[in-house]
1. Grab the strands (runs of 3 or more DSSP E) fully contained in the stretch A:540-595, keeping just those with 3 or more residues being over 26 Å from residue A:529 (Cα atoms).
2. Residue check: is residue B:91 assigned by TED's automatic domain parsing to the domain that holds residue B:103, surrounded by fewer than 20 Cβ atoms within 10 Å (Cβ to Cβ) and among the aliphatic types (A, V, I, L, M)?
3. Looking at (1) over 30 Å from residue A:750 (Cβ atoms); (2) in contact with a Lys or Arg (Cβ under 6 Å, 6 or more places away or on another chain), which is the one condition that is false for residue B:262?
4. Let me confirm something: among A:748, A:698, which residue is in contact with a strand residue (DSSP E or B) (Cβ under 9 Å, 6 or more places away or on another chain), surrounded by fewer than 24 Cβ atoms within 10 Å (Cβ to Cβ) and either within 14 Å of chain B (Cβ to nearest Cβ) or modelled with pLDDT under 95 (or both)?
5. For the stretch B:94-173, list the strands (runs of 3 or more DSSP E) that sit wholly inside it and hold at least 1 residues that are under 18 Å from residue B:59 (Cα atoms) and in contact with a Phe, Trp or Tyr (Cβ under 6 Å, 6 or more places away or on another chain); which are they?
6. Scan the stretch A:459-472 for residues that are among the hydroxyl-bearing types (Ser, Thr, Tyr) and either more than 30 Å from residue A:375 (Cβ to Cβ) or at pLDDT below 95 (or both) and jot them down.
7. Exactly one condition in (1) small (Gly, Ala, Ser); (2) over 25 Å from residue B:128 (Cβ atoms); (3) modelled with pLDDT of 95 or more is false for residue B:91; which is it?
8. For residue A:685, only one of the following conditions fails: (1) within 11 Å of chain B (Cβ to nearest Cβ); (2) of a type in the set (Phe, Trp, Tyr); (3) assigned to a strand (DSSP E or B). What is its number?
Amino acid sequence: MSARPLRVVGHPVPRVDAIEKVTGRARYVTDLTLPGMAHAKVLRSPYAHARVRRVDVTRARARPGVFAALAGADLTWCDPYYGPAYRDRPVLAIGVARYEGEPVAAVAAVDEATAEEALELIDVDYEPLAPVMTLEEALAEDAPLVHAGQPPAGHFADLSTLRPRPGTNICHQFQFARGDAAAALGGADVVVEDAYRFPPVQHVALEPHAAVAAWDETGALTLWASTQNPYSVRVELAKMFDVPLARIRVVVPHLGGGFGSKTYAKLEPLAATLARAAARPVRLAASVPEAFQTVRRCASRVAVRAGFRRDGTLVAVACDADYDVGAYADIGPRVVQKGTYTATGPYRVPHVRLEARAVYTNTTPGGAFRGFGVPQLAWALESLFDVAADRLDRDPVDLRRQNFLAHGEEFAPGDTPIDGKLEESLSRAAEAIGWTRAPAADRGRGVAAMLKASVAPSVSEAIVRLHADGSVTVLASAVEMGQGTRTVLTQIAAEVLSVPLARVTVVQPDTAVTPYDQTTSSSRSTAMTGRAVQVAAEDVRDQLLAIAAQNLGVAARELALADGAVVAPARRLTYPEALALKFGMSGGELIGRGVIAPGRTAAPLGGSTPFWEMAVGAAEVSVDEETGAVRVERYVSVADVGRAINPLLLEGQDEGGVVQGLGHTLLEEMLYADGHLLNGTLLVYRVPRADDTPSELECHFVENADGSGPFGAKGAGEGSLIPVSPAVANALARLTGVRLRDLPLTPERVWRALRARSPRA
Amino acid sequence: MLRPFTLHRPETAEEACALLAGLGEEAAAYAGGTELLLMMKLGLLRPRHLVDVKRIRGFGDIGLEPLSGRRLTIGAAVTHRAVEQSALVRARCPLVSSVARHVANVRVRNVGTVGGNLAFADPHSDLATLFLTLDASVELLSPRGRRELPLDDFVRGPWETSRASDELLGSVTLTPWASDTAAAYVKFGVHERPTLAVAAALRLDGTTGAGRNGRDRIVEARVAVGCVSLKPVRMAAAEARLTDLSIGDLDDAARAAADAAAAGVDPADDLYGSADYKREMVAVFVGRALRIAAARARGAESAARFPHTVVA
């Protein structure tokens, strides 16, 4: 790679789709209308757990304007089950409804009003069953089983590692160990331990799930879907309908936010099923309350023991984590496994015993959510780190610094060595928050750190096309969901090919057109898809150099690209000139290909993470002692990103991560009583608002170009969220002496803790 | 989703009442729709006819009651935004002006109406609580004629009023406080609607003491607490503890009044909090409201900021 200064990469260029978004011209799935398109509505179970004895849709079917009315029992013409870990989820309940809000029947009609009215003509005979709503209930002896039989495994490569415990509600167990944690804890000078709870929370993407499905006369299916991974959706549909992958086309317009809620199939199977039954295109768009009935974050109860030597050296961690994955596994088992794998955080720990269970309950299925299992564990470990610092009479910043993994150090045998400098992130966070200066008397400060692996092995492919006029098309399937990936991919191609941003077009993901990309999640798009685009653009570059070398009679190594031309010491060949020379006419194009597929390795989870996501958060809080209301006054996030391809977008993404983290830290929790979700609407489910944003919020980046992604970049976007809750709780503890173990830190919960505070010793 | 309905747009109260009487249970009065349409979208209410009251003459007016020339009458279809912007309201009932600026959110304020707010009687709303301290009465119109009810009698409980199904809420009339009254409205909560609300008004007697313009003695105190009990309530016991005090002694008395208010509410465990927490918060916020009012009596605005709290 040439050492010339970067022209667009690393610069805070505005997002390429900014104008279309702010002017309302950007098109989302629900903006799409097809000729003859029907509108779907879903009848959902009013019970958390019920036998579905009979569903009678005949009256609904007979209603004028109704094209299709389906119940689970009607789905004999396809495989009605789907799911990425286990294929345990029916498109419509079959025999049993496992959570309140589970789809039981669905109607496609001429308009939404007709569909809604038809739902009322459907008779369902339910026999309510005892539900299990909490981890405790689900894990109790003789607990009612959410799933009686063992469902078949899904399409994930590591499905061989799935370990359900038949006859229980445990759908997966994960263990990881090195050294002898029990012995090391026995010999440690100081052992701290406690159990921490993380609530079920919903993503609240501004755009709820939506899909439009259309089968054509050849039996091929096209889906326009609000999904983060069109290629996973395609696999599910291919299995359900026994259709070759090549005959299923998933197209993804703009997403109004994802945050993990749109990974893997959600509404797409039902939309496709209805479209087939109705023999016309069907549009299925969820409301916000229906999003609460579609997916949420896996709640957890995490018990951690950590042993230290007197000098502060962390010697052992034992962790038992139970995750509530809800009524269907979705990607829950992988959330549990991947989260637990890094339960020891960014620290050097010789003796480790980690055990985790994924537990079914009769609640909304738990799935992926920004952080993917790590926030639940970081909440526990990073809180305990401060407890340990107290016991050891050490500064929490110093104690962390002492135990950080070093750059290049092994995290686990076979996995990628640590590829960032935690020390640098921590120092910058401490400096920015003013750690060494005393805060005002009514303020407290806290810090927390995080480490997270990205999905591995994974595959990203890209195609870059250079056209006769020197403009460029990028074909890649990373989904633009607000994070800015379209802009970042544009920058990468423009940088390599030395053209203005406006000469590069990134095509929206379309499985019939744009090549394979595993998923837009796990903070991987810049590092993996971006790297594939870089390689594809370099492929085009090398073709240009070869053409120029041949035609100019100069060695390729003496040529470079600049301003849309191949430049030799004394001559210059524009791209249109180069292409005309190659093809002998003003047509034809150069096609470059980039494939990033690191494959399986000996790492514990089967693949080596392409990068480690690392971040530190520092909070300064105040508390209204009379009401218990906590306010985060200042917050600093520092993420080790290798290189910020676009510092402006990255800053926005990390600010969003911090504010989203404030949600589960201070406000958000899906509350259930008597089998019912009590707060599945935005009137009573409170997400952070602009006025909850800290008055000082800074996002910094450590850039040492030490990542495996393009130009030394690593992934980012999840790291900023993860330290928020422990940093805030640590700050609150340092301010008030009160240590909370259950999130969110609602005013009432904090007020109770303050009242229970033992009188000053 | 919203189901189809027939919209009626009468221009007189008589027509509107006749429609309501004729259509019976099938009809609902419709003003701003911010509460009604929400319930209809959720399928909790399904009226087939909506009787829009916004075109009825006088329903959009704000004016002085002709009889007294002093009381302030706000038509049922007046929006919160119109209340906020009315010079007359600001002059006669300045706290009503500032509270109007903090009702719900700007989208609701632009279309939501005073009449709709009172007639819906959502337990977590602002106006009824504040209006109790302004001796509010409501005007009800029906084919049988017109009647006036004290607000306290009109609001019977959560989403429940004394309005008969063929009656229309025409207006609400407030009795402005004497000019030497210091007041505050404080609400607290993390959700879209408040967890609790406190309105406090202290009428001062200007004959003695060192307060602003020489006013010092509290001759009348009014304290109302909303969102906590089944309906907003005036806290007579708390008011009694404040009457006849010097404003300088308020700090001690505020604590006693706050405790009296806390003892006088009837909270339940719900999404907004546990009963004991809400009772304690009543004490905290009655105390805060009184101290803010007392500061205003001295011509000062309290600099204290409280999280999740709106001070009007």
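The values are calculated or read from the model by the stated rules, or taken from the named source; none is laboratory data. Fair warning: this is a prediction, and the values are worked out from it, not measured in the lab. Positions of Cβ are backbone-derived with ideal geometry, glycine not excepted, and every protein chain shown enters the neighbour counts.
1. Values: elements: A:560-562, A:565-567, A:572-574.
Fully inside the stretch A:540-595 and qualifying: A:572-574.
2. On the way: assigned by TED's automatic domain parsing to the domain that holds residue B:103: yes; surrounded by fewer than 20 Cβ atoms within 10 Å (Cβ to Cβ): yes; among the aliphatic types (A, V, I, L, M): yes.
In short, yes.
3. If we test residue B:262 against (1) over 30 Å from residue A:750 (Cβ atoms); (2) in contact with a Lys or Arg (Cβ under 6 Å, 6 or more places away or on another chain), just (1) comes out false.
4. Values: A:698 fails: either within 14 Å of chain B (Cβ to nearest Cβ) or modelled with pLDDT under 95 (or both).
Every option except A:748 fails the conditions.
5. Numbers: elements: B:137-142, B:145-150, B:155-157.
Ranges flagged: B:137-142.
6. Filtering the stretch A:459-472 for residues among the hydroxyl-bearing types (Ser, Thr, Tyr) gives A:460, A:471.
Result: A:471, single match.
7. (2)
8. (3)
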